[in-house]
Structures are given as C-alpha cells and as structure tokens.
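Below is one structure, written out as structure tokens; comments come after it.
The values are calculated or read from the model by the stated rules, or taken from the named source; none is laboratory data. Owing to the predicted nature of the structure, the values given are computational and were not obtained by experimental measurement. Here Cβ is always computed from backbone atoms with ideal geometry, including for glycine, and neighbour counts include all displayed protein chains.
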Amino acid sequence: MKRPKITVIGSINIDLVTSTDCFPKQGETIRGNNFQTIPGGKGANQAIAAARLGADVHMIGRVGDDSFGSTLLENFEKEYVNTDHIDRVENTPSGLANIILSEKDNRIIIISGANAHVTPSYIERSKSVIIDSDYVLLQFEIPRETIEYCLQICSEHGIPVIVNPAPAMNLSEKSWEQATFITPNATERKQLFDEEWKEKLIVTRGKEGVSFIENGKEKLIPSHSVDVVDTTGAGDTFNGAFAVALARGLPIEAAVRFANAAAALSVGQLGAQGGMPAKEQVEEILAKG
C-alpha cells in the first residue's frame, strides 16, 4: 500500500517536564518528583504520530540556533520525519513548553521562540511540498497570518487540510470555510464555535471520547479504558492518526475510531511523544473492541 503523504506545518518545541504530587498554589513552593527534557510542540508531535503510523511525513517549521534546536532536528531524523523544510533562526531560542504533570493532568506554558518566525514568506519556500500532500495538518502555535496563508494555498490547490485550533484562536470566516476538518477539544469548541461549521467539527472530549456530525446527526465514539500516565500529546496523536486514516481512504467514522484508539494508547507513557503507537498497536486495540 502506498504511504500517505502528510505535511505538518506548525510548532517545534522542547518540553521541560516536571512531575509532582500536586499542583502548587499561588506563591507556594513544593517538591517535584521528576524532571525531563523531551522533544515536543504540537506540530512536531503530530508529525511524529503520523510517521509512526506509516505515513511519509514532511515537517515545515523552524528551530533556534541553540542546543535544543540540534536535539529537535536529531529527534525528527530518528523518527523518519523529513526535515528539508526546517530552518534554524539565528540569535533566537527554540520554542519551549514548560509542563507540570500532576493528578493525571497537566498545566502548560508556551514560549514561541523560533516558531514566531514561521511566516507566510517562509511557507512560500515550501509551497511545492504542500501541494504534493494527501493531507496537511495545521495547529495554532504559529502566527495567525501564516495559518490563514496555508489554508489559502491548500484551498487553491484542492489539498485537504485538518485544522487543530489549539491553543484557541479565531480565524476569518473565509479561513474556516477553507478547512476540510476542524478538530477542537471540548473547551475550544465552546470558545470558538456555536452552530457554525458544525459539519466540519471533530471534537475530542477526553474520557468521553470523540464526537462528530454525520448526515445531520451527532455521533459519539467512546474512549478506550486505559491506564493513564500522561495525557500530554493525546490530542496531537489523535490529529496525526486522523490525517493518516483519512489519507488512506477510510470514511470519517472509521478514521475517528482509528485516531481515538491511537490517542488512548498515547497516554500510557510519559511525554507527548513517548506513548505514540505504531499502526499495528492501533489495529490490535481496535480488534479488541
């Protein structure tokens, strides 16, 4: 079977992950249990999720000229993600996420760094790979004008695109129209959408599963019962898997079920990328029902 061509345009971060028994209150100092430095960023996470599931993945983004930038590029190469369209920005730090894990939940602070330099003019240099894609994935950790420019390119060339509106940010009406699917979580759904665009919305709902509209009726695909270690990156795994499933020609419900199972498997290990599964693992959990 031909490998799906997925292009991910978005953020590349280093995650500074601290685990603790409870979240500190304002002004409080507490002891942590563990600290790790882990590659992350919504764009990078989605690219690696898709690559592990067998797609031919190109990542478009930027890293800094710091040591983190080298680590992030090496990680992509290890995961067989094409890095031809990732540049380093001089005198600029790589994007960073400060993550606190506790009580099977997380709190995250993002520093844009080099991600702020993923501009429309930078994207223009990679236009050829975008229009050669089966699916494009976008998230909201890069500038708004870049997201809207990418949607314009995809619309002009008939390339389907999945928009993951995280962190929540509104786009122009024209841009929402240009998205093939929009994948908010339940909070982002409330912040950004009422009834408009509901036919495009694939809403991830954590423990409740995933909901979407098909033939005018809402469907809920329940979540899988799994042991939770770290929920960071579950949504990114869903998006990467959803793109791969659609690119392979699966209908919407089957694609949602595939992505939902992949996301469930992803929470079993520490770090956004740690538990991202291979295609065989997803098929195994689906076979169990």
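Among the helices (runs of 4 or more DSSP H) confined to segment 42-144, the ones with at least 2 residues that are surrounded by fewer than 18 Cβ atoms within 10 Å (Cβ to Cβ) and within 19 Å of the chain's Cα centre (by Cα) are located at 67-78. If we keep just the residues of segment 90-149 that are touching an Asp or Glu at 6+ places or on another chain (Cβ under 8 Å), among the small types (Gly, Ala, Ser) and over 21 Å from residue 169 (Cβ atoms), which is modelled with the lowest pLDDT? Result: 102. For segment 266-284, a tally of residues being over 15 Å from the mean Cα position of the chain (by Cα) and surrounded by 21 or more Cβ atoms within 10 Å (Cβ to Cβ) returns 1. Tallying residues that are in contact (Cβ under 8 Å) with a residue 12 or more places away in the chain, of a type in the set (Gly, Ala, Ser) and more than 16 Å from residue 176 (Cβ to Cβ) within segment 114-160 yields 4. Taken together, the residues in segment 162-184 that are modelled with pLDDT under 95 and closer than 22 Å to residue 221 by Cα amount to 1.
For beta carbons closer than 9 Å, sequence separation of 6+ or different chains, a first residue in segment 10-27 that is within 21 Å of residue 69 (Cα to Cα) and a second that is among the charged types (D, E, K, R) and not in a loop (DSSP other than H, G, I, E, B), the qualifying pairs are 10/42; 11/42; 12/62; 13/42.
For segment 14-41, a tally of residues being over 19 Å from residue 267 (Cα atoms) and either buried (at least 24 other Cβ atoms within 10 Å of the Cβ) or within 12 Å of the chain's Cα centre (by Cα) (or both) returns 0.
The single condition among (1) touching a strand residue (DSSP E or B) at 6+ places or on another chain (Cβ under 7 Å); (2) surrounded by fewer than 20 Cβ atoms within 10 Å (Cβ to Cβ); (3) part of a helix (DSSP H, G or I) that residue 154 does not satisfy is (2).
Can you tell me which residues in segment 48-103 are among the polar types (S, T, N, Q) and without any contact (Cβ under 8 Å) to a residue 12 or more places away in the chain? Passing the criteria: 67, 70.
When you scan segment 230-245, do you find a residue that is of a type in the set (Asp, Glu), modelled with pLDDT under 90 and under 29 Å from residue 33 (Cα atoms), even just one? Full working, then the answer.
Of all residues in segment 230-245, those of a type in the set (Asp, Glu) come to 230, 236.
With the extra rule that they be modelled with pLDDT under 90, the set shrinks to 230.
Restricting the remaining residues to those that are under 29 Å from residue 33 (Cα atoms) gives 230.
Looking through segment 230-245, at least one residue is of a type in the set (Asp, Glu), modelled with pLDDT under 90 and under 29 Å from residue 33 (Cα atoms).
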